1. Considering the range 56-80 alone, what residues qualify as being farther than 30 Å from Pro103 by Cβ, among the aliphatic types (A, V, I, L, M) and buried (at least 16 other Cβ atoms within 10 Å of the Cβ)?
2. Would you mind finding the one in Val45, Val39 that is of a type outside the set (Asp, Glu) and either modelled with pLDDT under 60 or not in a loop (DSSP other than H, G, I, E, B) (or both)?
Amino acid sequence: MARRFPLSLIKQALLGLGLEVALAGCIFGPLSTPTPVPVLADCFVNFHLSAWVDADGDGNRDEGEAPLQGVEFFVNGPYASSVAGGKGTSDENGEASIDTWSPGGCLENAEFSVLAETPEGYELTTISPIVHDGSTGLNGDYAFGFAPIDGTP
């Protein structure tokens, strides 16, 4: 049969060892209320990018204008941190996606730029880099047109 000792005897024994404070914290609750500390989560941003053959060179994607594969895109600024180093390459549909992050929260008003490298045999018909001033949200679509230079298919 187990023996039970009164709490006062346990306290006296612990008092002799100088552990009464530990007992008070365990039995009677914490001695003070912890102060909450704000935690900022990392900010994840997705850039959807596209490139097309701007056959008429007007800077607008018209029906029937083909996608352009192999165009390299880059993100510069605070959102350049990514597994791919802030860059991506367009696929057979002329599309690429760059997933980036900013440690410690979103930088809503941060300025960054998205640019496309002009492939050989083409000239750019749209603005590059596209500078984002933070006024239109973070996630977005960025499109770049390229007109063929003499004889490029």
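The values are calculated or read from the model by the stated rules, or taken from the named source; none is laboratory data. In this text, all values refer to a predicted model and were calculated from it rather than measured experimentally. Neighbour counts run over all protein chains shown; Cβ positions are idealised from the backbone, glycine included.
1. Across the range 56-80, the qualifying residue is only Leu68.
2. None of the others qualify; the one that does is Val45.
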